[in-house]
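The values are calculated or read from the model by the stated rules, or taken from the named source; none is laboratory data. As the structure is a computational prediction, the values presented were derived from the model and not from experiment. Cβ: placed from backbone, ideal geometry, glycine included. Neighbour counts: every protein chain shown. These accessible areas exclude ligands, DNA and RNA; they are computed on the full protein's heavy atoms, side chains included. Shrake-Rupley method; radii C 1.70, N 1.55, O 1.52, S 1.80 Å.
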Amino acid sequence: NSATAVKGLWAQAYYVINSCNVFIDGMNAGGSTVAGATLAANYIAEAKLIRALSYYSLLQYYARPYADGNGSKPGVPLRLTGIKGSGSSNLARSTVAQVYTQILQDLNDAEAGLPLTYGASAYNNTTRAHRNTAIALKTRVYLSMQNYASVITEANKIVSAAAPFTAATGVAHALQADITNVFVSPYTTTESIFSMPMTTTAGDYPGTQNQLGYYFSPTATNGGTGNGEFSLNALGVIADPGWTATDKRRAFVKQSGSGATLKNWCIKYPTGNPYTDYVPVIRYSEVLLNLAEARVRNLNTVDAQAVALLNAVRNRADASTTYTVLSFATPAVLISAILNERRIEFLGEGLRVNDLMRLLQTIPAKGTAPSKAASDVGYIWPISSDELALNSLMTDN
């Protein structure tokens, strides 16, 4: 309960949520009149999308997955009005389903209020929410709820029926021919649906020990730019023989040492101090794989479009691998391939645990950390000790 990560994520998520709530309250109280209807709708929609994303993130760490009881388990306190003073701390937990309902309401409102694009500005189209951002995030949310029909409905809004897969409306999202282009300056490719920007200006880059590169990259002694906090699991996806040596995504993995000191590192974020690599929130490749998985699960067949979507993501990095429907004996085999592709594609992007938990799968052991089955108490985080101290209606996990 008192671990820095547990308290810090909880506090920052609710700080962002409250900032969104105060802003929305202010716009409803008169700010919209000042800004004008069109601009006000844009701003409110952006705030609702950020609020939805924050609540979604809280659910992934502090609440049981939706699949456990169809959302009936305790979620998090659902705060929807701004807090400007004391006396508003006590609020009971809503259920997981109730929080997801609010997330989807916010994303639907955002889709309606956001602009199709920010014109020719690749920077704004990557760092500010637009209509396709809301749609893309809904595919992630519905996937977490195992609502595969709705994943398909949302993804079809921004994914063409056949390869090469592109978004026909709004920002013209498409995969990059070279995956490595996504993670280098200027970070504003058409694949980057939503990213957090960083600059060298004080306050525009992550604070101490909050940088992805600091955590993931090895130290300078080992050829990196970080602090070597987290190496990759040697028994994880990097050991998969199906991830070929010629796959361009292998360039995101760096080895150091040898023998007993051999370690593997994720170097997707190579820029050193002050760590100005953009933080990817959602990419077009995720939408494609979300759709592929949803189609197979919903149709319960080795679906040709799902195979084509899987090929689109795999082929641009690994030209030596091309799947056909005959490559998969059953729908389950195809689903396994899609899930494994997600492990490779989103290494270091924060989706792996989400994928395990939405399917109630065991979180594997790493080093001295034991595995955690879905039935284990430690499968989700405890509630922040600060929240438990301040909120008399709060219950712990």
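At least 2 residues being touching a helix residue (DSSP H, G or I) at 6+ places or on another chain (Cβ under 9 Å) and more than 26 Å from D68 (Cβ to Cβ) is the threshold, and among the helices (runs of 4 or more DSSP H) wholly inside region 290-397 those reaching it are 304-315, 331-345.
When residues in region 67-80 are screened for being in contact with a helix residue (DSSP H, G or I) (Cβ under 7 Å, 6 or more places away or on another chain) and either within 12 Å of Y14 (Cα to Cα) or assigned to a helix (DSSP H, G or I) (or both), 4 of them pass. For region 93-120, the set of residues classified as open to solvent by 20 Å² or more (accessible area, probe 1.4 Å), in a loop (DSSP other than H, G, I, E, B) and of a type in the set (A, V, I, L, M) consists of L116, A120, listed by residue number. Scanning region 243-267 for residues that are at pLDDT 95 or above and either part of a helix (DSSP H, G or I) or at positive phi (or both) turns up K248, R249, R250, A251, F252.
Listed here are the residues, each with its yes/no results for (1) open to solvent by 20 Å² or more (accessible area, probe 1.4 Å); (2) modelled with pLDDT of 95 or more; (3) touching a helix residue (DSSP H, G or I) at 6+ places or on another chain (Cβ under 6 Å); (4) in a loop (DSSP other than H, G, I, E, B).
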position	(1), (2), (3), (4)
E154	no, yes, yes, no
P164	yes, yes, no, yes
A168	yes, yes, no, yes
V171	no, yes, yes, yes
Q176	yes, yes, yes, yes
V182	no, yes, no, no
T190	yes, yes, no, yes
Q209	yes, no, no, yes
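Of the set (1) over 19 Å from W243 (Cα atoms); (2) in contact (Cβ under 8 Å) with a residue 40 or more places away in the chain; (3) out of contact with any strand residue (DSSP E or B) (no Cβ under 7 Å at 6 or more places or on another chain), all apply to L309 but (1). Taking the conditions (1) out of contact with any strand residue (DSSP E or B) (no Cβ under 9 Å at 6 or more places or on another chain); (2) open to solvent by less than 40 Å² (accessible area, probe 1.4 Å) in turn, L53 satisfies each one other than (1).
Within the bounds of region 338-346, is there any residue that is aliphatic (A, V, I, L, M), surrounded by 19 or more Cβ atoms within 10 Å (Cβ to Cβ) and under 21 Å from the mean Cα position of the chain (by Cα)? Looking through region 338-346, at least one residue is aliphatic (A, V, I, L, M), surrounded by 19 or more Cβ atoms within 10 Å (Cβ to Cβ) and under 21 Å from the mean Cα position of the chain (by Cα).
One line per residue, one yes/no per condition, for (1) open to solvent by less than 20 Å² (accessible area, probe 1.4 Å); (2) β-branched (V, I, T); (3) outside any loop (DSSP other than H, G, I, E, B):
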position: T200; (1), (2), (3): no, yes, no
position: G203; (1), (2), (3): no, no, no
position: G226; (1), (2), (3): yes, no, no
position: P241; (1), (2), (3): no, no, no
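Of all the residues in region 57-92, those that are open to solvent by 70 Å² or more (accessible area, probe 1.4 Å) and closer than 22 Å to E46 by Cα number 2.
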